[in-house]
1. Given the structure, is Val71 at pLDDT 95 or above, under 18 Å from Ala129 (Cβ atoms) and surrounded by 17 or more Cβ atoms within 10 Å (Cβ to Cβ)?
2. For segment 267-294: of the residues being β-branched (Val, Ile, Thr) and under 24 Å from the mean Cα position of the chain (by Cα), which is farthest from Arg355 (Cα to Cα)?
3. Does Gly42 satisfy being surrounded by fewer than 22 Cβ atoms within 10 Å (Cβ to Cβ) and more than 23 Å from Thr118 (Cα to Cα)?
4. Looking only at residues that are under 29 Å from the mean Cα position of the chain (by Cα) and either surrounded by fewer than 19 Cβ atoms within 10 Å (Cβ to Cβ) or part of a loop (DSSP other than H, G, I, E, B) (or both) in segment 437-451, which one is modelled with the lowest pLDDT?
5. Which residue out of Ala423, Ala378, Ala363 is buried (at least 19 other Cβ atoms within 10 Å of the Cβ), in contact (Cβ under 8 Å) with a residue 60 or more places away in the chain and in a loop (DSSP other than H, G, I, E, B)?
6. Given the conditions (1) in contact with a Phe, Trp or Tyr (Cβ under 8 Å, 6 or more places away or on another chain); (2) over 24 Å from Ala449 (Cα atoms); (3) at pLDDT 95 or above, report the number of the one that Gly82 does not fulfil.
7. Could you tell me which numbered condition Thr501 fails, if it satisfies all but one of (1) within 28 Å of Glu73 (Cα to Cα); (2) touching a helix residue (DSSP H, G or I) at 6+ places or on another chain (Cβ under 8 Å)?
8. Just to be sure before I move on: is Leu150 surrounded by 19 or more Cβ atoms within 10 Å (Cβ to Cβ) and touching a residue at least 40 places away in the same chain (Cβ under 8 Å) in the structure I sent?
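The values are calculated or read from the model by the stated rules, or taken from the named source; none is laboratory data. All values derive from a computational prediction rather than experimental measurement. Reconstructed Cβ throughout: ideal geometry from the backbone, glycine too, with neighbour counts over all protein chains shown.
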Amino acid sequence: MNDLNAVNSTILITGATGLLGRSLVRELAAAGRRVAVIIRPGKTADAAARVDELLRDWQEVAGVHVPCPVVLEGNLSAEGLGLSGEQRDWVAANVREVVHSAASLVFGHREADGEPYTSNVEGTRNVLALCRDTGIRRLHHVSSAYVCGLRTGTVLESELDVGQTSGNDYERSKIISEGEARAAEFLDVVTVHRPSIIVGDLVHGFTNTFHGFYRPLRIVMPFVEAFVDATLPRGSLLTVMGMDGHEAKNLVPVDWVSTVMTRIILDESLHGRTYHLTSESPTTVGTLCRVFEELVSELVAERRRQRATEEAAGEPRPAAANADPEALGQMFLNQMDVYRAYWRDDPAFDATNTRAAAADLPAPPLDDETIRRVCRFAIDNRFLWPPPGRRQPVSAARSLLQAAFGDAEWMPPATDDVIGLAAAGAGGGQWTVSIDQGQPVSLHMGLPAGDAPTVTLAAASLVELCEGRATLQAIRGRGGLAIEGDEPGRRLVLDVLGALTPARRGLVTA
């Protein structure tokens, strides 16, 4: 049985590149917890590079340096999550609990890849198998408030499958996956987190996914050019969606969800319950459609001004698009069909457990300005993230360390003579550095257990040090180092960092 204590153990997160997952990485790391993530490689980037992207997002959008987690390259839908034997051994030795946040948000079943069932059902089964095989006994399962399906009235946190009809395949897949997580007998504690509709954060409106809530706006955007020569009638979106505007949708900002989840995750007295992470002040569909229409009108006005500028410059005007309201309405309706259940009136979500755990953190109501901020972020970024053409960093601390010591090993060092090295931000990582006669000799994944001295700094500062663009004294002078340990340990850390400079590595003459 995995008997790691909470202080030195690592929390493993799935779905870390998703909107909620990346917020959990930030919140848990900021709370001092060690974090590891399982990431699927992308078409053009490996798992570590995808994590670098989300760390850059935090830095560039919010101005925050987030500690880089330990990155395990895997695949939720693969047997054993696609992890190597050494990675699985590392998980068994270091991980005490899992936050399973990964999910497919596809609403309708796709024959080509089996989504959403492939990720939400098979993926959950693979996560459960990893827990069983590596001795992990604590699971935080991210479900959805919409496991309620088409129910009306009040939905209790204690209820799951009561014979309700699901509104779509996503909801059905989440009912199945939550049920299987709850039924896993090898787990000591299962905590279920059920957020409602997650939107971008309150401060910046940031999101990296554009499903669900964003769908009507995303669908209507291609019609903006057509509306330049027509008028968008007030209430037209409501008419097309077949609603009267009084329907309530339960919207919650991602930063609130991750803050409440982090409190629950860090307090074991709160584990073993189901939490509705929902708002007590739902947003009406009428409010959403009004804001959507105002934004579309603004975009139409911007396009008209742009067209006038083009005509004044003698640029040819394109042929007028079909602006027939009935035709546009039917096109919109056809594309919205799979989301029809999504926009129906929400039931009342009982949140007794959530209020007890976070009475001082009520979900913030979303006013018009917040909704506009969230929508405008999506529009300004053309419903794409990361921004197309964003340049990759020229150098990274991780690659420089690997050049000096070789690839970091998953196996722990054979000696207790070690220090911990944590580089925050893109290109960073968490390592144990093995020491021989005062000199660093090898890198190992993850920070050391126990009370080994550990240094934390920004990945950019580590790059400056390794490339000789800043001295250790200069980095210390600007407060760029944080060292945990006694005085001998602190001196050892400084000696090891000094050994990373070009002069000490023999790359330049002293």
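1. Judged against the criteria, Val71 is not a match.
2. Thr283
3. Values: surrounded by fewer than 22 Cβ atoms within 10 Å (Cβ to Cβ): yes; more than 23 Å from Thr118 (Cα to Cα): no.
It is false that Gly42 is surrounded by fewer than 22 Cβ atoms within 10 Å (Cβ to Cβ) and more than 23 Å from Thr118 (Cα to Cα).
4. Ala449
5. Ala363
6. All conditions pass for Gly82, except number (1).
7. Looking at each condition in turn, Thr501 falls short on (1).
8. no
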